[in-house]
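The values are calculated or read from the model by the stated rules, or taken from the named source; none is laboratory data. The structure presented is a predicted model; accordingly, all values stated were derived computationally and were not measured. Neighbour counts run over all protein chains shown; Cβ positions are idealised from the backbone, glycine included. In case anyone asks, the SASA skips ligands and DNA or RNA and just uses the protein heavy atoms, side chains included. Shrake-Rupley method; radii C 1.70, N 1.55, O 1.52, S 1.80 Å.
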Amino acid sequence: MFNISKYEDLMKKLVSAGLKPTTNWNEKLTSNSLLLRHDIDFSIEFAHQLALAESRVKICSTFFFMLTSNIYNPLSAHNQKLIKSIADMGHKVSLHFDPTVYESLEYFLYEKNIFENIFNQKIDIVSIHQPGLFLNNNDITLSGTPQTYQDVFFKRMKYISDSNGRDIFPQITKYLEEPRELGLHLLIHPIWWMGIGGNPTETCNALRARILNFNTSYFRTNCLTYTE
């Protein structure tokens with residue numbers, strides 16, 4: 001897969017082409033606007049590494065974290081520190097909301113209140129996790145909060161995503177060669193840029209091994225009778 005060095009080079013290329021990264025999703029967008037977004041599906045550690053890389057090339061982006069993830073806990077002491085560190089770098093941190101967890105989208109307000117109180121951040125944009133059928137009515141807000149699949153971001157802007165480890169370089173090259181209308185909305189998942197594994201399966205297996213090692217260490221520390 002890709003690595004941090006390639007990611008930094010990509011960011012420099014976009015900025016050199018005249019694109020201007022912004023974390024203000026509510027400002028008036030132009031042909032030079034770059035909305036750089038990260039949906040954190042697997043690892044807050046990886047998100048933190050990507051945030052550091054962006055700081056090195058002096059850009060800021062928006063990181064979306066899940067409160068209902070089965071893979072990581074954003075409210076653990078360690079992960080809270082990482083998320084707050086990302087915000088301290090100047091990046092925006094917000095919610096990656098999974099609507100399938102609840103019977104109604106109104107439960108978004110429950111998560112919004114938790115996130116704002118824990119991380120002392122005002123949520124003014126949210127990302128939907130695995131939107132699926134949600135895209136059939138994609139232009140709604142969540143209890144008045146804008147979300148990343150609204151038409152202005154998802155259809156009017158050029159939308160490019162590395163979901164499932166997709167190679168985005170050909171799309172970006174083509175985009176930079178064509179006339180621009182309303183800027184670029186770029187979705188990057190940190191896991192694909194950590195330089196672990198040669199393909200999506202190998203990358204996921206590498207992370208799975210790390211999680212197993214962490215869980216084993218946790219059992220050893222917290223259960224004195226654990227002998228594995």
message = Could you report the accessible area of Phe2 in Å², rounded to 10, computed with a 1.4 Å probe on the protein chains as they sit in the structure?
response = 30 Å²
key: Among Tyr159, Tyr102, Asn24 - extreme Cα towards positive end, dipole of the chain, charges at beta-carbon   = Asn24
inquiry  = Here are a few candidate values for semi-axes √(5λ) of the Cα gyration tensor in Å: (1) 29, 23, 16; (2) 41, 30, 15; (3) 36, 18, 17. Which one was actually calculated from the structure I just gave you?
reply    = (1)
key: GluC sites (Glu not before Pro) restricted to region 1-108 and DSSP loop, no more than 13 other C-beta within 10 Å   = Glu27, Glu103
remark   = Everything considered on the Cα gyration tensor (a ≥ b ≥ c; rounded for a/c under 1.5, else prolate if a/b is larger than b/c, else oblate), region 1-86 must be described as prolate
inquiry  = Quick check for region 65-184: number of Lys pairs with alpha-carbon distance under 27 Å, counting only pairs 8 or more apart or on different chains?
reply    = 16
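Let me know the charge dipole size of the chain about its Cα centre in debye, to the nearest 20, where only the beta-carbon of Lys, Arg (+1) and Asp, Glu (-1) is charged. Please list the in-between numbers first.
Details: 22 positive and 23 negative charges, 126 e Å.
I would put it at about 600 debye.
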key: Accessible surface, per residue, of region 1-152 when the full set of protein chains is kept, probe 1.4 Å, Å²   = 46 Å²
inquiry  = Tell me the relative contact order for region 93-150 as a rounded percent, counting alpha carbon contacts under 8 Å between residues six or more apart.
reply    = 39 percent
inquiry  = Within region 74-228, what whole-number % of the accessible surface is contributed by carbon and sulfur, with the 1.4 Å probe and all protein chains included in the calculation?
reply    = 50 percent
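Length gain on complete extension for the stretch Tyr107 to Arg56, per 0.36 nm per residue less the alpha carbon to alpha carbon distance? It would help to have the intermediate numbers written out before the result.
Values: separation 51, 0.36 × 51 = 18.36 nm, distance 3.72 nm.
This chain segment gains 14.6 nm when fully extended.
Whole number in Å², please: accessible area per residue of region 183-222, 1.4 Å probe, ligands, DNA and RNA not counted. Numbers along the way, then the final one.
Values: 2140 Å² over 40 residues.
With the other protein chains kept in place, region 183-222 gives 53 Å² per residue.
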ask   = What is the gain in length, in nm to one decimal, between Tyr226 and Gln130 on full extension, counting 0.36 nm per residue of separation less the C-alpha to C-alpha distance?
value = 30.8 nm
request  = Starting from the Cα of Ala206, step 7 Å toward the Cβ, then list every residue of region 1-37 with an amide N under 18 Å from that point.
outcome  = 1-10
key: Rounded, prolate or oblate (a/c below 1.5 giving rounded, otherwise prolate when a/b exceeds b/c) for region 16-143 by Cα gyration tensor   = oblate
note = Helix-only [θ] at 222 nm, the chain, -39500 (n - 2.57) per DSSP H run of 4+, per residue, nearest 500, equals -11500 deg cm²/dmol
